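Trainee: For reference, the structure I am asking about is given below.
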Amino acid sequence: MYGDEATVRRILTERGDTWAVVGLSANQRRAAYGVAAVLQRFGKRIVPVHPKAETVHGEQGYASLADIPFDVDVVDVFVNSELAGAVADEAVAKGAKAVWFQLGVVDEAAYGRTRAAGLDMVMDRCPAIEIPRLAQRG
């Protein structure tokens with residue numbers, strides 16, 4: 001289990017409201033599109049990160065985390081496991097407080113590096129599932 005309930009709660013309630021969503025494009029058929037909408041509904045500011053740097057859900061997109069000209073609190077990763085570790089390393093370099101790997105995204109070495117750098121991290125979970133659950137529990 002990569003991310004106990006306490007860590008999930010901490011990321012969703014204490015780590016900040018600016019979420020860089022890596023892999024988010026204007027493609028409405030992709031999971032990232034729907035998850036980003038849920039995050040917005042629950043008061044998070046989403047920042048699309050995708051090579052196309054498209055505006056999504058009214059928010060300006062950027063080609064990479066390094067291109068974002070302001071701080072981000074959480075980096076939500078929608079790329080495959082082979083690419084996710086590099087994104088986690090970029091999140092550490094960017095100064096994020098937490099990294100969230102989506103369902104099916106697992107990289108144990110990246111988890112270790114990210115936790116060692118002092119960031120909270122969750123893998124193989126979905127904030128669009130967890131945040132409404134958290135809201136219901138209060």
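The values are calculated or read from the model by the stated rules, or taken from the named source; none is laboratory data. Predicted model, so just to flag it, every value in this text is computed and none were measured. Cβ sites come from the backbone with ideal geometry, for glycine too, and all protein chains shown count toward neighbours. In case anyone asks, the SASA skips ligands and DNA or RNA and just uses the protein heavy atoms, side chains included. Shrake-Rupley method; radii C 1.70, N 1.55, O 1.52, S 1.80 Å.
Trainee: Being over 15 Å from the mean Cα position of the chain (by Cα) and either hydrophobic (A, V, I, L, M, F, W, C) or not in a loop (DSSP other than H, G, I, E, B) (or both) narrows it down to one of Ala53, Ala86, Ala96, so name that one. Reasoning before the result, please.
Mentor: Values: Ala86 fails: over 15 Å from the mean Cα position of the chain (by Cα); Ala96 fails: over 15 Å from the mean Cα position of the chain (by Cα).
Ala53 is the lone residue from the list that is over 15 Å from the mean Cα position of the chain (by Cα) and either hydrophobic (A, V, I, L, M, F, W, C) or not in a loop (DSSP other than H, G, I, E, B) (or both).
Trainee: If Ala26 passes every condition in (1) under 16 Å from Val122 (Cβ atoms); (2) surrounded by 13 or more Cβ atoms within 10 Å (Cβ to Cβ); (3) among the small types (Gly, Ala, Ser) but one, which one does it miss?
Mentor: Checking Ala26 against (1) under 16 Å from Val122 (Cβ atoms); (2) surrounded by 13 or more Cβ atoms within 10 Å (Cβ to Cβ); (3) among the small types (Gly, Ala, Ser), the one that fails is (1).
Trainee: Further question on the same structure: Restricting attention to segment 56-69, report how many residues are assigned to a helix (DSSP H, G or I) and either under 26 Å from Val106 (Cβ atoms) or open to solvent by less than 50 Å² (accessible area, probe 1.4 Å) (or both).
Mentor: Within segment 56-69, residues that are assigned to a helix (DSSP H, G or I) and either under 26 Å from Val106 (Cβ atoms) or open to solvent by less than 50 Å² (accessible area, probe 1.4 Å) (or both) number 2.
Trainee: In segment 128-138, is there at least one residue being surrounded by fewer than 20 Cβ atoms within 10 Å (Cβ to Cβ), in a loop (DSSP other than H, G, I, E, B) and at pLDDT 95 or above?
Mentor: The answer is no, given that none of the residues of segment 128-138 is surrounded by fewer than 20 Cβ atoms within 10 Å (Cβ to Cβ), in a loop (DSSP other than H, G, I, E, B) and at pLDDT 95 or above.
Trainee: When residues of segment 36-63 are filtered for being in contact with a His (Cβ under 9 Å, 6 or more places away or on another chain) and of a type in the set (S, T, N, Q), how many remain?
Mentor: Here the count works out to 1.
Trainee: Filter segment 36-50 for residues that are in a loop (DSSP other than H, G, I, E, B) and not hydrophobic (A, V, I, L, M, F, W, C); which is surrounded by the fewest Cβ atoms within 10 Å (Cβ to Cβ)? Even if it seems obvious, please write down each step before you answer.
Mentor: Here is the first cut: in segment 36-50, the ones in a loop (DSSP other than H, G, I, E, B) are 42-44, 50.
Remaining after also requiring not hydrophobic (A, V, I, L, M, F, W, C): 43-44, 50.
Working: Gly43: 8, Lys44: 21, His50: 22.
That would be Gly43.
Trainee: Six or more apart or on different chains, Cβ atoms under 7 Å: show the pairs whose first residue is in segment 12-38 and of a type in the set (Lys, Arg) and whose second is outside any strand (DSSP E or B) and open to solvent by 20 Å² or more (accessible area, probe 1.4 Å).
Mentor: Within 7 Å, the pairs are Arg15/Asp73; Arg15/Lys97.
Trainee: So, one more: Regarding Gly85, is this residue buried (at least 16 other Cβ atoms within 10 Å of the Cβ), out of contact with any Leu (no Cβ under 7 Å at 6 or more places or on another chain) and either of a type in the set (Ser, Thr, Tyr) or without any contact (Cβ under 8 Å) to a residue 40 or more places away in the chain (or both)?
Mentor: Yes; evaluated as a whole, the condition is true for this residue.
Trainee: Going by what's in this entry, would Leu83 be described as in contact with an Asp or Glu (Cβ under 7 Å, 6 or more places away or on another chain) and farther than 30 Å from Gln136 by Cβ?
Mentor: So Leu83 fails the test.
Trainee: Can you confirm whether segment 70-78 contains a residue that is open to solvent by 70 Å² or more (accessible area, probe 1.4 Å), without any contact (Cβ under 8 Å) to a residue 40 or more places away in the chain and not basic (Lys, Arg)?
Mentor: The answer is no; no qualifying residue exists.
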